[in-house]
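Here's the structure, in structure tokens; my notes come after.
The values are calculated or read from the model by the stated rules, or taken from the named source; none is laboratory data. Just so you know, these numbers come straight off a predicted model, no measurement behind them. Note that each Cβ is placed from the backbone with ideal geometry, even for glycine, and that neighbours are counted across all protein chains shown. We work out accessible area using only protein heavy atoms, side chains counted, and drop any ligands, DNA or RNA first. Shrake-Rupley method; radii C 1.70, N 1.55, O 1.52, S 1.80 Å.
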Protein chains: 2
Amino acid sequence: MTTLCSMTREQLLDMQKGLKQEYDDFAKKGLKLDMSRGKPAPEQFDISKDMFLPEIAGKWITETGIDVRNYGSLEGIPECRELLSKMMDVDASQVFVGGSSSLNLMYDTISRAYNFGARKNSTPWNKLGKVKFLCPVPGYDRHFAISQLFGMELIAVPMDKNGPDMDMVEELVKDENVKGMWNIPKYSNPSGITYSDEVVRRLAAMNTAADDFILIWDNAYCVHDLYEDRCDKLLNIYEESKKHNTEDRLMIFCSMSKVTFSGSAIAGLAASPKMLSYVKEMVFYQTIGFDKMNQLRHALYFKNVESLKKHMKKQADIIRPKFEVVLGTLEKELKDLECAEWQKPNGGYFISIDTMEGCAKRVVQLCKEAGVTLTTAGATYPYGIDPKDKNIRIAPTYPSLDELKLAIELFCISVKLASVEKLLK
Amino acid sequence: MTTLCSMTREQLLDMQKGLKQEYDDFAKKGLKLDMSRGKPAPEQFDISKDMFLPEIAGKWITETGIDVRNYGSLEGIPECRELLSKMMDVDASQVFVGGSSSLNLMYDTISRAYNFGARKNSTPWNKLGKVKFLCPVPGYDRHFAISQLFGMELIAVPMDKNGPDMDMVEELVKDENVKGMWNIPKYSNPSGITYSDEVVRRLAAMNTAADDFILIWDNAYCVHDLYEDRCDKLLNIYEESKKHNTEDRLMIFCSMSKVTFSGSAIAGLAASPKMLSYVKEMVFYQTIGFDKMNQLRHALYFKNVESLKKHMKKQADIIRPKFEVVLGTLEKELKDLECAEWQKPNGGYFISIDTMEGCAKRVVQLCKEAGVTLTTAGATYPYGIDPKDKNIRIAPTYPSLDELKLAIELFCISVKLASVEKLLK
């Protein structure tokens, strides 16, 4: 098969005609699908339904005798701190269990830095002229949105298959106004890549001009492997950071929203003893405590790491076929034409596709007009602006397999159509 | 019986001797009781255990077809907005259901005002020189702590049995730096009084110099009546405010932490349509959504207001005898001596006692040394400073009835001892 770029104008026109026909046929099907957000499918929640069996939901005393129905234990119950410590690869004493939303914990981290300082007794960021934050791209729109809300200057740092461009990062952090960096280090949203050992080592070792730098380590997909024999392994950044005495800048987050129930699970953060004590001191003002009954249910349901792994294998068995449908169709429809590029992730929730330059918005529009909603083009970049207009995030988990097959066929037609349009201009 | 003040020095010395003996006997009992916080007793949680029966906890689709296990519905599920609207006396469309902690919702309200403005497009408070906040006293330490954390100047406003001194409030709000006011309008923490209709009307009608004033209406004890035939009735401030076009300054809060499970229940806020839309717009940045599974459990468990009332009657049946033991002992031991004053609340969680001036700290210390922890003296005042050192908050719910009997006897001995000490000085 010829690549699109090597086709003659006649060949392209001919192809366009065929594609238009295919597209119109699809539009007539009256599809109404949403692949815009990383939402689990209902079957994924069914896996966790035993959490409400009486032998779990009817228990309210922890091993150490805490009645989880009453106030107290701001930092979370021991069983749950232990469980989340395994997900974040730290000691349980470093874990704070906070509510059901890790995004909220991150928002609070930024808000705290603005109002009271990123460290105990450091200058609140709202007293500073300009705060800059590094944003690996493509990245997670909800991270960038928090930075934007607080008026930060967002600096995009390109990612490749090893993670963010570390030469660029090391250069940028010499600016004392650069106060932090967003990271989804494993099965990154949306590219699905995992930071290489070298990237992790350099992030741990780098000298930042700001002595109150925050390295946000959103390990949202730490247990979200798709294959048993092809799992990415992330280097333990906390251990690396200790070697350089940089562990106070680390704020590690994890969430069970994509393990059990989305928005009704548990989320946690991990930090150095010094920073954890600061977090506890400040969260004291916010609340008397988080939902410990939910914490105990999670801890009793996942007795140990082995049962968590088994559980995630069941999740993977539902998600994997969806990833394979998407990747298979992309391969079949787009590879030889060389009009798009993508990674094959070993885990996570997304597939990130780069179209030809200037085509992403058009593809999203074409899909939308035929009934399939994708993440807004540009959403994976700071300020919602993808300078090359080429990145599209696909979230394959929510639709059924049959719906997904249709949606991804439409997507491929739209990519081809937009590419041909571009080449014909 | 003679009052303490009318006793001769000899009589007082004689009394002191007897009291010391009684106190020492108590100290020997090795009590270890905590009456410092408004914590429910375990039996109170048992009332709600049916919330985890399979017919409730096993349901996850709302009447309108929302799968509560997935992301979405930031403002809360309709059933739950309806339920909380009854507690806050507003339309369901005005309710936002947010997590399990109303304190967190209040903290976020203040934090939002500081970072982004109390109203959409109003000046963030962190850009202002000085922000002052009115604090009816005695009041809730956790409210005052939030104000202090953000660096506000706290202005104490005395309360009597009708609520805060409204002449003083109306005068103070002429200062444009006075940006808001804390209120627990029903069964107030700690005094147990309910704002009179006149106080509510004047709060709704008053002219504030600040056009971004926030009237925090923490209706924490709205359904916490102790007696069926002696319930305080709070005037609907939202309706009163509408008459004066002041409804945008209202932020109404409620919580089920003292209805079902403390820290594991649901909390909500209510505001004008304009302010609710601002809240939703801003909370969007914080989280993808709150725990809707817990929301649905609460909504299914409390089918309607009648079942909520029945439930609260069961709560009252456990709490009432404890209030009566405290009030009865105070009456028997202290009334005729005229060395303390207190209100008899019709609901809520606390009994507030005023000792003779300069005695509160000493009473708390005496109790502590004999094994009974009370709320720190001064905690009910801004900055923890009770200028007359006379207010003590008693939280009678957590101890068992037998423990409480002992604790309150010790308390009365301590009050008498501290009063005699003062008079002998």
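Of note:
- Restricting segment B:331-347 to residues that are assigned to a helix (DSSP H, G or I) and out of contact with any helix residue (DSSP H, G or I) (no Cβ under 7 Å at 6 or more places or on another chain), the residue that is least open to solvent (accessible area, probe 1.4 Å): B:Glu331
- Counting only strands (runs of 3 or more DSSP E) wholly contained in segment A:348-425, the ones carrying 2 or more residues that are more than 17 Å from A:Lys32 (Cβ to Cβ) occupy A:351-355, A:391-394.
- Filter pass, B:Cys80 being out of contact with any Ser or Thr (no Cβ under 6 Å at 6 or more places or on another chain) and within 14 Å of another protein chain (Cβ to nearest Cβ): yes
- Within the option set B:Glu333, B:Glu409, B:Glu421, B:Glu338, being over 24 Å from B:Glu10 (Cα atoms) and of a type in the set (D, E, K, R) holds for one residue only, B:Glu409.
- Of the residues examined, A:Asp225 is one that is acidic (Asp, Glu), in contact with a strand residue (DSSP E or B) (Cβ under 7 Å, 6 or more places away or on another chain) and surrounded by 19 or more Cβ atoms within 10 Å (Cβ to Cβ).
- Hits in segment A:118-132 - residues which are under 27 Å from the mean Cα position of the chain (by Cα) and either of a type in the set (Val, Ile, Thr) or within 20 Å of A:Tyr278 (Cβ to Cβ) (or both): A:Ala118, A:Arg119, A:Trp125, A:Val131
- Test result for B:Lys303, in a helix (DSSP H, G or I) and either free of Cβ contacts under 8 Å to residues at least 60 places away in the same chain or surrounded by fewer than 18 Cβ atoms within 10 Å (Cβ to Cβ) (or both): no
- Being over 30 Å from B:Ser400 (Cα atoms) and away from chain A (no Cβ under 14 Å) is a condition met by no residue of segment B:30-40.
- Count of segment A:192-211 residues, restricted to those that are of a type outside the set (Gly, Ala, Ser), over 30 Å from A:Ile392 (Cβ atoms) and surrounded by fewer than 21 Cβ atoms within 10 Å (Cβ to Cβ), is 4.
Quick grid of which residues meet (1) within 24 Å of A:Met159 (Cα to Cα); (2) polar (S, T, N, Q); (3) open to solvent by less than 10 Å² (accessible area, probe 1.4 Å):
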residue	(1), (2), (3)
A:Cys367	no, no, yes
A:Ala379	yes, no, no
A:Gly384	yes, no, no
A:Glu409	no, no, no
A:Lys416	no, no, no
A:Leu423	no, no, no
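- Helices (runs of 4 or more DSSP H) wholly inside segment B:1-90 that include at least 1 residues being surrounded by fewer than 17 Cβ atoms within 10 Å (Cβ to Cβ): B:9-28, B:42-46, B:54-57
- Under the condition of being surrounded by fewer than 20 Cβ atoms within 10 Å (Cβ to Cβ) and either within 14 Å of another protein chain (Cβ to nearest Cβ) or touching a Leu at 6+ places or on another chain (Cβ under 9 Å) (or both), the residues counted in segment A:239-255 number 1.
- B:Val178 vs. criteria of a type in the set (Val, Ile, Thr) and under 27 Å from B:Gln148 (Cβ atoms): yes
- Residue in segment A:261-276 that is within 14 Å of chain B (Cβ to nearest Cβ), touching a strand residue (DSSP E or B) at 6+ places or on another chain (Cβ under 7 Å), open to solvent by less than 30 Å² (accessible area, probe 1.4 Å) and not small (Gly, Ala, Ser) present: yes
- Checked against (1) surrounded by 24 or more Cβ atoms within 10 Å (Cβ to Cβ); (2) under 22 Å from the mean Cα position of the chain (by Cα), B:Leu308 passes all but condition (1).
- Unmet requirement for B:Ile61, which otherwise passes all of (1) closer than 24 Å to A:Ala265 by Cα; (2) touching a residue at least 40 places away in the same chain (Cβ under 8 Å): (2)
- Just one residue in the set B:Lys258, B:Lys314, B:Lys274 is farther than 25 Å from B:Ile110 by Cα and among the basic types (Lys, Arg); that residue is B:Lys314.
- Test set (1) free of Cβ contacts under 8 Å to residues at least 24 places away in the same chain; (2) within 14 Å of chain B (Cβ to nearest Cβ); (3) closer than 24 Å to A:Val259 by Cβ - A:Pro124 fails condition number: (3)
- The combined condition, being at the interface with chain B (Cβ under 10 Å from one of its Cβ atoms), touching a strand residue (DSSP E or B) at 6+ places or on another chain (Cβ under 7 Å) and at pLDDT 95 or above, is fulfilled by A:Ser101.
- Just one of the listed residues (A:Lys313, A:Lys292, A:Lys258, A:Lys233) is among the charged types (D, E, K, R), farther than 17 Å from A:Gly192 by Cα and surrounded by fewer than 24 Cβ atoms within 10 Å (Cβ to Cβ), namely A:Lys313.
- The residues on offer are B:Asp165, B:Asp160, B:Asp141, and the sole one that is within 14 Å of chain A (Cβ to nearest Cβ) and acidic (Asp, Glu) is B:Asp141.
Rundown of residues vs (1) in a strand (DSSP E or B); (2) open to solvent by 60 Å² or more (accessible area, probe 1.4 Å); (3) touching a Lys or Arg at 6+ places or on another chain (Cβ under 6 Å); (4) under 21 Å from A:Ile288 (Cβ atoms), yes/no style:
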position: B:Gly139; (1), (2), (3), (4): no, no, no, yes
position: B:Ala145; (1), (2), (3), (4): no, no, no, yes
position: B:Leu154; (1), (2), (3), (4): yes, no, no, yes
position: B:Met159; (1), (2), (3), (4): yes, no, no, no
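- Test: residue in segment B:175-182 that is within 27 Å of B:Val305 (Cβ to Cβ), out of contact with any Phe, Trp or Tyr (no Cβ under 6 Å at 6 or more places or on another chain) and of a type in the set (Phe, Trp, Tyr): no
- The criterion of being under 30 Å from A:Pro40 (Cβ atoms), within 12 Å of chain A (Cβ to nearest Cβ) and among the charged types (D, E, K, R) holds for B:Glu55.
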